[in-house]
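One structure below.
The values are calculated or read from the model by the stated rules, or taken from the named source; none is laboratory data. In this text the structure is predicted, and so the values were computed from the model without any measurement. Glycine also receives a Cβ, built like all others from the backbone with ideal geometry; neighbour counts cover every protein chain displayed. To get the accessible areas, we keep the full protein, side chains included, count just its heavy atoms, and leave off ligands, DNA and RNA. Shrake-Rupley method; radii C 1.70, N 1.55, O 1.52, S 1.80 Å.
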Amino acid sequence: MFLAWRRLCTLSSRPEFLKTVCASKILGLSTFAKMSLKFKNAKRIEGLDSNVWIEFTKLAADPSVVNLGHGLPDISPPIYVKEELSKIAAIDNLNQYTWAFGHPSLVKALSCLYEKFYQNQINPTEEILVTVGAYGSLFNAIQGLIDEGDEVIVIVPFYDCYESMLRMAGATPVFVPLRCKPVDGKKCSSSDWTLDPQELASKFNSKTKAIMLNTPHNPLGKVYTKEELQVIADLCIKYDTLCISDEVYEWLVYPGNKHFKIATFPGMWERTITIGSAGKTFSVTGWRLGWSIGPKHLIKHLQTVQQNTVCTCATPLQEALAQALWIDIKRMDDPECYFNSLPKELEVKRDRMVHLLESVGLKPIVPDGGYFIIADVSLLDVDLFDMKDSNEPYDYKFVKWMIKNKKLSAIPVSAFCNEETKLQFEKFVRFCFIKKDSTLDAAEEILKAWSRQNS
Ligand code: PMP
């Protein structure tokens, strides 16, 4: 028996876990049964193992698939942004750790940039925290400020990690949906999706710790108006609630709309964390840099999370980002400033996607901001008989079918919903349009051929 066990351990190159499983089977030991409880996931991540990005990135990995799924620009980032990064690797001290809460030149550039939008000056070391992407900011804010049992209002649809991060913190998300106003045959726009102020107010109570806000919105592209934000601000003040405002698409707003920062509304600075992203600002999602801006009494708790988790972000990337920001800060009113040129470039792509989706008989919801467009695909009447056994929402089945049969990928919108509202959105899929013209050409070819087949 002992020999059999030794042989197993020596021969197997598998991890200790598998050896234990095999050994317990061979030797009839109860060791594994006892140890297996210790291998179990921590309760805080229970039920959070599936993830739409992991699942659909894998499905769309085949290079023959035209990927309009993941929000991943395939256009080139601005040349000066790439040049700044390539210069920095040669500077020795910029290859070492920097300040935990943000590289000095970057926090200085961010404070100079955002001072243009806030009434107050922003202290670079106490009111800004540089993080690993906007994800890092969301994580630090939720871990640093939200307690077990706290209620947090989440507007549906929502960027999917809000719910998971809140559940990891032991909080109770309280969902409130955006509802579509009747549009009487005209084009449907993201501004037709609004919160019912009474319904929103009914979700606030003394246990409400925070509200998660996202403007411009992913996936709808909604840009909240000043009046809509005022309703939210009034409720935050009335119920003494924090606001975590995810503004990663802040520069991507199309004509006729304006981005407002809720932190600049009276009484909101002291209760708001505003989140930005280098990935969205300069089309460099792989740089994984983001930032939180807010009052010292809130930011210090996010700093505590950061110093005990990731510690500090990559120095060369922070320095390159600082230099790139300085270039654009000096020419903010110039059409060449990337904050102005990218939305112009994307407006053309958005309009192209609207026409394309309409030309194949779909009714897209025209986004006022961001780089996603959603459309009700049930009108295509695809026969999903092959997938009749799957109990996934319609949009999951549809996108899987589309990737397999049409070589086109998108993201199911029910991934941005809680369990109870999935049905309301399961006919919608999200297409990303921050793509080269050649990628959009390939998508057009697929959709047009599909439409010809159907007619
Ligand atoms: N918030 C929203 C609304 C997003 O769409 C994304 C990225 N898709 C993030 C946060 C995360 O941004 P980052 O890549 O900077 O972590």
Practice task
Counting residues in the range 218-297 as N, plug N into 2.2 N^0.38 Å and put the Cα Rg over that result.
Solution key: 1.16
Exercise for the section: Collect residues whose amide H, placed 1.01 Å from N in the peptide plane, falls under 5 Å from the amide H of residue 408; neighbours closer than 5 in sequence don't count. Expected result: 66, 403
Handout entry: Calculated over the range 189-323: convex hull of Cα atoms, volume per residue (Å³)
Key = 136 Å³
Fill in the blank from the handout: Debye calc, one equal point scatterer per Cα of the range 378-452, no solvent, log10 I(q)/I(0) at q = 0.18, 0.24, 0.25, 0.27 1/Å comes to -0.77, -1.18, -1.23, -1.33
Exercise for the section: Compare 288, 331 by solvent-accessible area with a 1.4 Å probe and give them largest first, with all protein chains kept in place. Expected result: 288, 331
Handout entry: Interchain or long-range residues, amide H under 5 Å from residue 289's placed H
Key = 133, 278, 279
Problem - Cut-off under 5 Å, modelled amide H: who pairs with residue 188 long-range - result: 366
Practice task
In whole angstrom, note down how far apart the Cα centers of the range 161-222 and the range 256-308 are.
Solution key: 19 Å
Practice task
Calculate, in nm to one decimal, what residue 329 and residue 53 gain on full extension: separation in residues at 0.36 nm each, minus their alpha carbon distance.
Solution key: 96.1 nm
Fill in the blank from the handout: Here the range 249-254 yields Karplus 3J(HN,Hα) values (6.51, -1.76, 1.60; θ = phi - 60°; whole Hz; Gly and Pro given as x) of 9, 3, 8, 9, 10, 9
Exercise for the section: Calculate, in whole percent, how much of the Cα-Cα pair population of the chain lies beyond 37 Å. Expected result: 32 percent
Practice task
Heads up, I need the accessible area for residue 127: 1.4 angstrom probe, whole protein in place, Å², nearest 10.
Solution key: 30 Å²
Handout entry: Within straight-line cross-link reach of residue 58, lysines at Cα separation under 17 Å, skipping those fewer than 8 residues along the same chain
Key = 397, 400, 404, 406, 407
Problem - Exposure of residue 301 as accessible area (Å², to 10), given a probe of 1.4 Å and all protein chains - result: 70 Å²
Problem - List 450, 326, 251, ordered by accessible area with a 1.4 Å probe, largest first - result: 326, 251, 450
Problem - Mean residue ellipticity (222 nm) of the chain, computed from DSSP H runs ≥ 4 via -39,500 (n - 2.57), nearest 500 - result: -12500 deg cm²/dmol
Handout entry: Whole-number percent relative contact order across the range 329-443, with pairs defined as alpha carbons under 8 Å at least 6 apart
Key = 24 percent
Practice task
Using DSSP to define loop residues, name the GluC sites (Glu not before Pro) in the range 133-216 whose beta-carbon has at most 14 other beta-carbon atoms within 10 Å.
Solution key: 148
Exercise for the section: May I ask you to rank 264, 309 by accessible area, largest first, using a 1.4 Å probe over the protein chains only? Expected result: 309, 264
Exercise for the section: Calculate one ³J(HN,Hα) per residue across the range 322-339 by plugging θ = phi - 60° into the Karplus curve 6.51 cos²θ - 1.76 cosθ + 1.60, and present them in order as whole Hz with x for glycine and proline. Expected result: 4, 5, 5, 4, 4, 4, 7, 4, 6, 9, 4, 8, 7, x, 7, 4, 4, 5
Exercise for the section: Determine the relative contact order of the chain: mean sequence separation of Cα pairs under 8 Å and six or more apart, normalised by residue count, in whole percent. Expected result: 21 percent
Handout entry: Inter-label distance, nm, simple model (7 Å from Cα along the C-beta direction), residue 452/residue 148
Key = 6.2 nm
Practice task
Convert each backbone phi in the range 257-268 into a coupling constant with the Karplus relation 6.51 cos²θ - 1.76 cosθ + 1.60 (shift: θ = phi - 60°), then list the ³J(HN,Hα) values in order as whole Hz, x for Gly and Pro.
Solution key: 10, 9, 8, 10, 9, 5, 5, 8, 6, x, x, 9
Completion exercise
DSSP beta bridges in the chain: the antiparallel percent, rounded to 5, is 50 percent
